[in-house]
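Below: the structure, in structure tokens.
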Amino acid sequence: MHPVMKTPIVTLTTDWGPQGFFAGMVKGALTSMIEGVQVVDIAHDVDPFNVMSATFVVKHGCMGFPPGTVHIIDVASNHTPEHPFLVVKARGQYFICCDNGLPSMAFGNEIEDICAIPVQENAVYNFAAYTLFTPIAARLIAGTPLHDIGPKHTALLMRNLVGFHAQGDQYRIFIHYVDHYGNAYLGMSYREFEELRQGRPFVLTVRDQEISELMASYYQQHAQNDPRRKLRLTISATGMLELAVKESSFTQLIGLKVNDSVLLRFK
């Protein structure tokens, strides 16, 4: 068990949207229960019910916090006997979420421990993040071990986060996340791209357009791009490949969304 942090941290990752009052309700409950808590908003604009997008956000937005941090994740949190609420310990941090595939995709073999959160029989949790997750967060911050919160959970729903796969002489790469600007984050990292590329030229086919140059940033000059839309392939801060349109929205202009794919071919 990690010692109680001087400044307890609880983060929120949800699909509630940025304009609602739900985050305020949860923050109010947390600040009432946990003295001196710092509540950090990771994202509230995850695509509604989209576990893949939530997984991307958690993998890249939550894992850098110090040990003892508690993360509340409320995306597709529909409790059923087959998909219970959980506390997952990974990298010394605690993730309160639902067994909807996110834990297996986000944490994989980094999971240290898991417990199921007890619920009342026949109870309906329309806003579990507020009614159930906040008191669990307070107990975790206070140092309560997982075995005192609920029984050990071993039947984790296993799902694979497929970023890309070979398809003949090319690779189909899936879109995992779309940010506020309409930029699309691909399921292939720059490291994976270079390992496959081995110095060869490439063509990335995005609907009816082709990209054959990887830009170092959004603002690199004289890069090959579509003259009408300035479509560009770059490396995001997460280390994943990203599709963007300078000063516009890639997803609005091109029409692709999460779970859609593009094709990569090396010459």
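The values are calculated or read from the model by the stated rules, or taken from the named source; none is laboratory data. None of these values were measured; they are calculated from a predicted model. Cβ atoms come from the backbone with ideal geometry, glycine included; neighbour counts cover every protein chain shown. When the accessible area is computed, the model is the full protein with side chains, heavy atoms only, and any ligands, DNA or RNA have been set aside. Shrake-Rupley method; radii C 1.70, N 1.55, O 1.52, S 1.80 Å.
Table for the structure above
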| item | result |
| --- | --- |
| Test: residue in the range 96-103 that is among the charged types (D, E, K, R) and farther than 21 Å from residue 163 by Cα | no |
| Residue match in the range 45-56 (condition: in contact with a Gly (Cβ under 8 Å, 6 or more places away or on another chain), part of a loop (DSSP other than H, G, I, E, B) and β-branched (Val, Ile, Thr)) | no |
| Filter result (of a type outside the set (S, T, N, Q), under 16 Å from residue 141 (Cβ atoms) and in a loop (DSSP other than H, G, I, E, B)) within the range 1-32 | 1, 2, 3, 4, 5, 6, 8 |
| Top-ranked residue in the range 62-78 [being surrounded by fewer than 24 Cβ atoms within 10 Å (Cβ to Cβ) and among the aliphatic types (A, V, I, L, M); ranked as nearest to the chain's Cα centre (by Cα)] | 63 |
| Residue in the range 18-32 that is aromatic (Phe, Trp, Tyr), surrounded by fewer than 16 Cβ atoms within 10 Å (Cβ to Cβ) and without any contact (Cβ under 8 Å) to a residue 12 or more places away in the chain present | yes |
| Qualifying strands (runs of 3 or more DSSP E) (wholly inside the range 79-153; at least 1 residues being touching a Leu at 6+ places or on another chain (Cβ under 9 Å) and surrounded by fewer than 18 Cβ atoms within 10 Å (Cβ to Cβ)) | 111-116 |
| Qualifying residue in the range 3-16 (condition: open to solvent by 10 Å² or more (accessible area, probe 1.4 Å), among the polar types (S, T, N, Q) and at pLDDT 95 or above) | no |
| Residue ranges of strands (runs of 3 or more DSSP E) in the range 166-231 with at least 3 members in contact with a Ser or Thr (Cβ under 6 Å, 6 or more places away or on another chain) and modelled with pLDDT of 90 or more | 170-178 |
| Matching residues, the range 33-44, being part of a strand (DSSP E or B) and either surrounded by 15 or more Cβ atoms within 10 Å (Cβ to Cβ) or aliphatic (A, V, I, L, M) (or both) | 39, 40, 42, 43 |
| Breaking point among (1) more than 25 Å from residue 16 (Cα to Cα); (2) surrounded by fewer than 21 Cβ atoms within 10 Å (Cβ to Cβ); (3) not β-branched (Val, Ile, Thr), for residue 157 | (1) |
